[in-house]
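Comments concern the structure below.
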Amino acid sequence: MRMMELPTGKRVLSAAQPTGAPHIGNYLGAFQQWVALQDTGNACFFPIVDLHAITLPYDPKTFPDIVLRTAALYCAVGIDPQKSTLFVQSHIPAHTEAAWLLTTITPVGDLTRMTQFKDKAQKQKTVGAGLLNYPILMAADILLYRADLVPVGEDQIQHLEFARTLAHKFNRQFGETLKQPRAFLLKDTGRIMSLADPARKMSKSDSPASAVSLWDAPDSIRRKIRSAVTDSGTAVNPKKLGPALRNLLMIYASFSGKTVPEVAGSFAGQGYAAFKITLAELLIEKLSPIRERAETLFRERQELRRLLREGADRARAAAEPTLAAMKNRMGLHPVA
């Protein structure tokens with residue numbers, strides 16, 4: 001996978017919700033990018049945003065384990081808690097306090113126009129205020145750490161622009177306080193689509209068969225790739241690639257370091273079934289070490305909790321001065 005030139009010496013913040021099943025699209029589009037930014041000398045903050053996750057239905061009994069599994073997976077893909085600040089969002093009260101301060105200057109109309117709110121609200125019988133205010137909390141996540149860069153996918157650009165708008169509005173109203181971060185995109189990272197429907201982006205909210213999870217065992221990977229939809233025809237034709245086959249070739253290219261044309265050429269004339277077998281084995285080779293490392297880390301829960309506490313201490317030291325400056329600017333002085 002060819003990446004953009006990476007910055008150095010910047011403060012970077014990016015986050016993902018805790019989920020039981022991050023997939024290969026998350027790995028290629030986010031996690032690999034985070035590790036590369038970490039390893040090129042940037043100060044990286046990677047919160048596990050559990051407060052965002054509870055804006056939709058969830059099971060509070062299993063949720064703590066999901067958060068820990070997410071932390072284990074972050075470490076397994078290459079996030080180094082000694083190089084980066086890895087922490088749980090809810091462990092830093094400054095996030096919710098800063099979000100409330102930003103709420104007071106946010107017009108409701110700006111929130112109802114957010115694309116993700118409209119999409120998710122259509123799927124809910126009852127729309128909670130948490131879902132409406134989600135972008136404000138996301139803005140607080142970013143602005144508290146005075147981030148220079150925020151790695152985001154194209155579907156998150158609107159939320160980042162919202163955070164920049166809030167920072168500008170706060171500074172104009174109360175005085176220069178908040179930094180306006182820039183988006184950092186890997187423009188040449190291919191979009192990984194659903195194995196069941198190549199017209200849809202791969203998503204953990206769809207059926208399990210539509211995505212290869214980073215937690216999948218080898219037999220599960222083989223089964224999912226074997227059942228993945230293909231185009232009409234029976235053999236790879238580099239001159240005639242439909243969306244389903246192109247998606248599978250993109251997955252192969254992303255994990256092999258080749259381009260789609262190179263992969264298509266190397267499999268030209270081979271049957272779809274043979275190509276799928278090779279693709280499945282490539283994924284098993286690349287993903288099994290990650291899964292095994294994550295499983296080992298998850299069993300070491302006390303060590304995971306220690307790493308998250310240390311990350312929270314560093315995050316708190318970075319976030320609280322920004323919150324104090326916001327409160328001071330807004331006239332919320334501490335008790336004498």
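The values are calculated or read from the model by the stated rules, or taken from the named source; none is laboratory data. Just so it is clear, the structure is predicted and the values come from calculations on it, not from any experiment. With ideal geometry, Cβ positions are generated from the backbone for all residues, glycine too; neighbour counts draw on all protein chains shown.
Within segment 209-226, the set of residues being part of a helix (DSSP H, G or I) and modelled with pLDDT of 95 or more comprises Pro218, Asp219, Ser220, Ile221, Arg222, Arg223, Lys224, Ile225, Arg226.
Pull out all pairs, ordered by first then second residue, where Cβ-Cβ is under 8 Å, the residues are six or more apart or on different chains, the first lies in segment 255-268 and is closer than 11 Å to Leu241 by Cβ, and the second is charged (D, E, K, R). Within 8 Å, the pairs are Val260/Arg246.
Going by the structure shown, is Ala217 closer than 30 Å to Ala139 by Cα and touching a helix residue (DSSP H, G or I) at 6+ places or on another chain (Cβ under 8 Å)? No: the conditions fail for Ala217.
Among the conditions (1) of a type outside the set (Gly, Ala, Ser); (2) assigned by TED's automatic domain parsing to the domain that holds Arg69; (3) free of Cβ contacts under 8 Å to residues at least 40 places away in the same chain; (4) buried (at least 17 other Cβ atoms within 10 Å of the Cβ), the only one that Leu245 does not satisfy is (2).
From the list Ala228, Ala199, the one residue that fits, being loosely packed, with under 15 Cβ neighbours inside 10 Å and of a type in the set (A, V, I, L, M, F, W, C), is Ala199.
So that you can scan it fast, the table gives a plain yes or no per residue for (1) more than 25 Å from the chain's Cα centre (by Cα); (2) part of a loop (DSSP other than H, G, I, E, B):
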position	(1), (2)
Leu241	yes, yes
Phe275	yes, no
Glu281	yes, no
Gly311	no, no
Ala325	yes, no
